[in-house]
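Have a look at the structure below before the remarks.
The values are calculated or read from the model by the stated rules, or taken from the named source; none is laboratory data. For clarity, every value in this text was computed on a predicted model and none was experimentally measured. Note that each Cβ is placed from the backbone with ideal geometry, even for glycine, and that neighbours are counted across all protein chains shown. Protein only, heavy atoms only, side chains kept; ligands, DNA and RNA dropped before computing areas. Shrake-Rupley method; radii C 1.70, N 1.55, O 1.52, S 1.80 Å.
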Amino acid sequence: MKMANGICIGSQEFFNLKEMRHIVKNLDKNSKTYDHILDAIGKTPMVKLSKIPKDEGLKCDMYAKCEFVNPGGSVKDRIAYRMVLDAEKKGILKPGKSVIVEPTSGNTGIGLALAAAVRGYRCIIVLPEKMSNEKVLTLHALGAEIIRTPTEVAWDSPESNIMVAKRLSTEIPNAVLLDQYNNASNPLAHYDGTAEEILWSLDNDVDMVVLGAGTCGTISGIAHKIKEKCPKCVVVGVDPHGSVLAPPDKLNENDVEIYEVEGIGYDFLPQALDLKIIDKWIKTEDKWSFQMARRLIKEEGLLCGGSSGAAMWGAIQAAKSLVAGQKCVVLLPDNIRNYMTKFLTDQWMEVRGYKSIESNDNLWWWNKPLTEGLVRITKNIRQNSTTSEAIKALRESDSLIVNIVNDKGSITGIFSGDNARRRLAHLSGSTEEPLDKFTVKKFYKVDLSDSPTLGCVSRILDIAPYVVVVKSDEHHVQKPLGYLTSEDLLACITDKNHDLNGK
């Protein structure tokens, strides 16, 4: 197995789970009281699904393992607590002295922050910028310290959450990197716990289990135990397009790209992944994942997150091969709480094309096209500009934002006074830092080439202070034209005689 900077690349060897220390709880008796909240982790319900499988024409019985009801809101509570317990037993973690540092997409961080709060550790969580604000707020409430890293960088970049956490673990006295990606306690938590619960619930009779793949401890640990007791069971992994966990095939070569769904998928292979134990892979798209998550909530009453939608969508595809009387289990990893301002928001879904924007014939302007004449023009600066130059351009333009473009003139980000202020105030930043540190790379935009309507712009302005307007050319270069605010749109729609060309 190849190692790079202490992080595993590839997974040629897997942990020998049978020979490790096991913690198996009595599954048929629940305690009347718990000494602390960590004892409530696990023992999650298994719920038979009714509406969605029937609507999708499935013949088998489908059950959902509802991991989103764990105390911290996700399946990751299991591995967080197990990693802490095992590290304490080995003397690696010392309560009141050690500092837990961990890279995460959020849920493991919440689980570790929960454990740290109860057991007395300082906790530092490093997570990418794409992760929801709800996760950040939960971590803050639990007392964790949070460091954000760019979403788009490779895992082995010095700026990635993995490498930043590794660096911090060497710089901070008494810091411990539990490293969920390469920690045997990750799959062990599921080998000893989650899998045993699934088998007990269905009397050791499981024909298929469908699991999302992130750090891969969940799928690897569950798969090993279930196949020991139920060899016939087919293990299906669910991996988003843009991730490299699923082995590429001739029809679908893996290309690393950005995907919105959180908690599953990676751009490297953790040691916690045992490819040999997984029988089949299903690749998912963000649109399918979020739409299915909303169906699980609305039709089955399961308050789960986007990765649960991905798992369920994959389960529907895989379970089409099963017949009446067979049993399929899909694990739903996390809950609704972390995504209240994301896929649960219609506007968030609409601007990404995951949900259509309804027309409104009662408003004279709603279905009218956005035209270039309505756009508030602003300045462009090059990527190699300095932060001071960006501030100067912002002042001279008397604008909310300045567009940042590459050598082809395509927009790569924006510079805003609001974001710059936050960095200087909360991250102890300096205007001597490179412009990239102040660049907003995730922003709402519309492309005039797609003929967006004023109704579309209005929907975006429900959740954003401005909308960036671009226009793509024949070479797919997105050239920025400017932006619109609520005030700009209001000026247009309150005057029926307003020239929509802005003249």
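With labels modelled as points extended 7 Å from the Cα through the Cβ direction, what inter-label distance (nm, one decimal) is found for HIS140 paired with LYS471?
Result for the modelled spin labels: 4.0 nm.
Restricting everything to alpha-carbon atoms, can you work out Rg to Rh for the stretch 82-172 with a Kirkwood hydrodynamic radius?
Details: Rg = 12.8 Å, Rh = 13.2 Å.
Result: Rg/Rh = 0.97.
Per-residue HN-Hα couplings for the stretch 282-294, Karplus 6.51 cos²θ - 1.76 cosθ + 1.60 at θ = phi - 60°, whole Hz, x for Gly and Pro?
Listing the rounded values in order: 10, 9, 10, 10, 3, 4, 5, 5, 6, 5, 5, 4, 5 Hz.
List the GluC sites (Glu not before Pro) within the stretch 183-290 that fall in a DSSP loop (any state other than H, G, I, E or B) and whose Cβ has at most 14 other Cβ atoms within 10 Å.
Values: sites: GLU196, GLU197, GLU228, GLU253, GLU257, GLU260, GLU262, GLU285; in loops: GLU253, GLU257, GLU260, GLU262, GLU285.
Answer by residue number: GLU253, GLU257.
Which value, in debye to the nearest 20, describes the size of the charge dipole of the stretch 243-396 about its Cα centre when Lys and Arg Cβ atoms bear +1, Asp and Glu Cβ atoms bear -1, and nothing else is charged? Could the numbers behind the result be given before it?
Details: 20 positive and 21 negative charges, 42 e Å.
Charge dipole of the stretch 243-396: 200 debye, to the nearest 20.
Could you please report the charge total around SER132, scoring K, R as +1 and D, E as -1 over all other residues with beta-carbon less than 15 angstrom from its beta-carbon?
+2
If you count only protein heavy atoms with a 1.4 Å probe, what accessible area per residue comes out for the stretch 320-450, rounded to a whole Å²? Don't skip to the end; give the middle numbers.
On the way: 7020 Å² over 131 residues.
Ligands and nucleic acids excluded, the result is 54 Å² per residue.
So for LYS90, LYS135, LYS368, LYS232, what's the accessible-area order with a 1.4 Å probe, most first?
Details: LYS90 150, LYS135 0, LYS368 80, LYS232 110 Å².
Largest accessible area first, the residues go LYS90, LYS232, LYS368, LYS135.
Please list, by residue number, every one of the GluC sites (Glu not before Pro) in the stretch 359-448 that is coil in DSSP and has at most 11 other beta-carbon atoms within 10 Å. All intermediate terms of the calculation are to be shown ahead of the outcome.
Details: sites: GLU372, GLU389, GLU396, GLU432; in loops: GLU432.
Here the sparse-neighbourhood loop sites are GLU432.
For the chain, find the longest principal axis of its Cα atoms and tell me its angle to the long axis of helix 306-319, 0 to 90°, nearest 10.
On a 0 to 90 degree scale, this one is about 60.
Per the 1.4 Å probe, what fraction of the accessible area of the chain, in percent, lies on carbon and sulfur atoms?
Numbers: 11010 of 22440 Å².
Whole-percent figure for carbon plus sulfur exposure: 49.
Kindly write out, for the stretch 56-71 in residue order, the coupling ³J(HN,Hα) from the Karplus curve 6.51 cos²θ - 1.76 cosθ + 1.60 (θ = phi - 60°), rounded to whole Hz, with x marking Gly and Pro.
8, x, 6, 9, 7, 8, 10, 10, 10, 8, 8, 6, 6, 8, 4, x
Evaluate the charge dipole of the chain about its Cα centre and quote only its size in Debye, nearest 20, assuming +1 on the Cβ of each Lys and Arg and -1 on the Cβ of each Asp and Glu.
Values: 63 positive and 65 negative charges, 203 e Å.
It works out to roughly 980 debye.
Using helices alone, I'd like the mean residue ellipticity at 222 nm for the chain: each DSSP H run of four-plus residues gives -39500 (n - 2.57), total over residue count, nearest 500.
Working: 15 runs with 149 residues, N = 503.
The helix contribution divided over the chain gives -8500 deg cm²/dmol.
List, in order, the whole-Hz ³J(HN,Hα) value for each residue of the stretch 117-131 obtained from phi through the Karplus relation with A = 6.51, B = -1.76, C = 1.60 and θ = phi - 60°; use x for Gly and Pro.
Working through the residues one at a time gives 5, 6, 9, x, 10, 6, 9, 10, 10, 10, 9, x, 5, 6, 5 Hz.
Excluding ligands, DNA and RNA, what is the solvent-accessible area per residue of the stretch 177-272 at a probe of 1.4 Å, expressed in Å²? It would help to have the intermediate numbers written out before the result.
Details: 2890 Å² over 96 residues.
For the stretch 177-272, the per-residue accessible area is 30 Å².
For LEU461, LEU490, LEU275, give me the order by solvent-accessible area with a 1.4 Å probe, most accessible first, ignoring ligands, DNA and RNA. Kindly include the intermediate steps, with their values, before the conclusion.
Working: LEU461 20, LEU490 95, LEU275 55 Å².
Most to least solvent-accessible, the answer reads LEU490, LEU275, LEU461.
Specify whether the C-alpha gyration tensor of the stretch 135-270 places it in the rounded, prolate or oblate class, a ≥ b ≥ c being the square roots of the eigenvalues: rounded for a/c under 1.5, otherwise prolate if a/b is larger than b/c and oblate if not. If you can, show how the numbers build up before the last one.
Working: a/c = 2.28, a/b = 1.43, b/c = 1.59.
Because a/c hits 1.5 or more and a/b fails to exceed b/c, the stretch 135-270 counts as oblate.
Please give the charge dipole size of the stretch 322-374, origin at the Cα centre, charges +1 on K and R Cβ atoms and -1 on D and E Cβ atoms. Round to the nearest 20 debye.
On the way: 6 positive and 6 negative charges, 65 e Å.
Magnitude of the dipole: close to 320 debye.
Can you work out the base-10 log of I(q)/I(0) for the stretch 13-129 at q = 0.15, 0.23 1/Å, using the Debye formula on its C-alpha atoms alone?
At q = 0.15, 0.23 Å⁻¹ the computed log10 ratios are -0.83, -1.32.
With the dipole of the chain worked out from charges on the C-beta (+1 for Lys and Arg, -1 for Asp and Glu) around the Cα centre, which of SER160, SER201, ALA318 lies farthest toward the positive end?
Positive-most Cα among the choices belongs to SER201.
Hey, if you put +1 on the Cβ of every Lys and Arg and -1 on every Asp and Glu Cβ in the chain, which of ALA87, ASN406, GLY242 ends up farthest toward the positive end of that dipole?
Most positive-ward Cα: ALA87.
Once the other residues with Cβ under 9 Å from the Cβ of TYR63 are scored (Lys, Arg +1; Asp, Glu -1), what is the net sum?
Working: positive: LYS48, LYS65, LYS327; negative: ASP61.
Overall, the nearby charge balance is +2.
Please compute the Kirkwood hydrodynamic radius of the stretch 404-503 from all pairs of different C-alpha atoms, in Å with one decimal. Provide the component values of the computation, followed by the final result.
Details: mean 1/r = 0.0653 Å⁻¹.
With all distinct Cα pairs of the stretch 404-503 included, I get 15.3 Å.
So for the chain, taking the charge dipole from beta-carbon charges (+1 Lys/Arg, -1 Asp/Glu), which of TYR191, SER169, LEU489 sits furthest toward the positive end?
About the Cα centre, the residue reaching furthest to the positive side is TYR191.
Please work out how much length the chain gains when fully extended from THR33 to ASP203, using 0.36 nm per residue of separation minus the C-alpha to C-alpha distance, in nm with one decimal. List each step's numbers first, then the result.
Numbers: separation 170, 0.36 × 170 = 61.20 nm, distance 2.68 nm.
Between THR33 and ASP203, full extension yields an extra 58.5 nm.
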